[in-house]
């Protein structure tokens with residue numbers, strides 16, 4: 001599913017720009033952390049955030065990641081939110097915080113609202 | 001409309017991640033060149049590209065730009081495509097190519113299909 005030529009963009013801790021659809025059908029997009037396990041892309045958010053509310057209502061999303069050293073090189077992944085999972089321990093938040101080098105002190109402050117957004121890719125484009 | 005604190009993200013030639021809505025209502029997003037004149041964001045594309053077809057059908061778009069040096073710092077602009085304009089001379093393509101330091105030889109190869117997408121911001125979020 002992910003082209004071999006662009007897998008490094010998922011392996012490296014690069015910010016992904018996650019596009020979602022709002023309740024009124026208009027798009028929103030912002031930079032997020034992500035991690036790819038070969039089958040799913042995962043994102044962390046909280047249940048009070050727009051991103052979460054958007055994907056619950058409209059499960060189709062798209063993600064754009066470009067190469068900071070060669071910004072024309074990019075990978076777009078379109079996909080569907082397969083499920084969201086609570087992250088009450090903050091363990092998944094911690095996986096991403098570690099991956100992206102964020103220094104913070106456990107426990108995760110908003111762990112009671114933390115969720116994992118699990119996305120199944122359906123199509124990619126790249127350049 | 002654009003917060004003073006984040007104007008530099010539009011002044012610098014940073015890639016913007018432009019989210020559009022496809023004919024089936026699902027989002028697409030990819031990195032693009034842009035330029036801001038204080039009132040409109042402008043993008044270049046061609047009439048045979050998905051991006052163009054998407055915005056003709058669904059004029060709502062969203063744009064995410066983050067700071068390469070501080071990737072948590074970002075600006076999201078949501079807006080509406082006010083109009084698209086032909087760019088038969090490729091002059092607008094040239095403005096962006098120059099801004100982003102692309103070396104190419106005029107004339108612009110696909111100038112007959114080149115268009116300018118003109119977006120009026122309606123809302124911003126930033127961090």
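With viscosity set to 1.002 mPa s and temperature to 20 °C, compute the Stokes-Einstein D of region A:1-49, Rh being the Kirkwood radius across alpha carbon pairs; µm²/s, no decimals. Provide the component values of the computation, followed by the final result.
Working: Rh = 12.5 Å.
Rounded to a whole number, D works out at 172 µm²/s.
Return A:74, A:52 ranked ascending by Cβ neighbour count within 10 Å, so the fewest neighbours appear first.
The most exposed by this proxy come first: A:52, A:74.
How high is the FRET efficiency between residue A:47 and residue B:113 when r is their beta carbon distance and R₀ equals 35 Å, given to the nearest 0.05? Don't skip to the answer; put the middle values down first.
Numbers: r = 45 Å, r/R0 = 1.27.
Efficiency for this residue pair is about 0.20.
When each copy gets a label point 7 Å from Cα toward the beta-carbon at residue B:8, what are the spacings between them in nm, shortest first?
2.9
Along Cα→Cβ, 7 Å out, is where each label goes; now give me the distance between the ones at residue A:123 and residue B:72 in nm to one decimal.
Each label point is offset 7 Å from its Cα along the Cβ direction, giving 3.6 nm.
Project the alpha carbons of region A:66-127 onto their principal axes and report the range along each, largest first, in whole Å.
Taking the Cα atoms of region A:66-127, the three principal extents are 40, 29, 12 Å.
Which of A:87, B:8, B:24 has the fewest other C-beta atoms within 10 Å, and how do the rest follow up to the most? Before the final figure, lay out the partial values.
Working: A:87 23, B:8 12, B:24 6.
Fewest to most other Cβ atoms nearby, the residues stand as B:24, B:8, A:87.
Please work out the Cα convex hull volume for the protein assembly as shown and give it in Å³ per residue.
Each residue corresponds to 128 Å³ of Cα convex hull volume.
Using the scaling law 2.2 N^0.38 Å as the reference, what is the normalised Cα Rg of region B:4-126?
1.03
Which distance in Å, rounded to a whole number, links the C-alpha centroids of region B:10-59 and region B:71-126?
After rounding, the separation between the Cα centres reads 8 Å.
Could you grab the relative contact order for chain B? Cα pairs under 8 Å, six or more apart, rounded to a whole percent.
Value for chain B: 30 percent.
For a quick check: sort B:64, B:89 by the number of other beta carbons within 10 angstrom, fewest at the front. Provide the component values of the computation, followed by the final result.
Details: B:64 28, B:89 13.
Sorted ascending by nearby Cβ count, the order is B:89, B:64.
Taking a label point 7 Å out from Cα toward Cβ, give me the nm distances from residue A:101 to the same spot in the other copies, shortest first, one decimal.
Between copies, matching label points for residue A:101 lie 2.1 nm apart.
What whole-number value in cubic angstrom gives the convex hull volume per residue for the C-alpha atoms of region B:41-90?
103 Å³
Just so you know, all these numbers are worked out from the coordinates, no wet-lab data involved. Quantities reported herein were computed from a predicted structural model and do not represent experimental measurements. Using ideal geometry, Cβ is built from the backbone for each residue, glycine included, and neighbour counts are taken over all protein chains shown.
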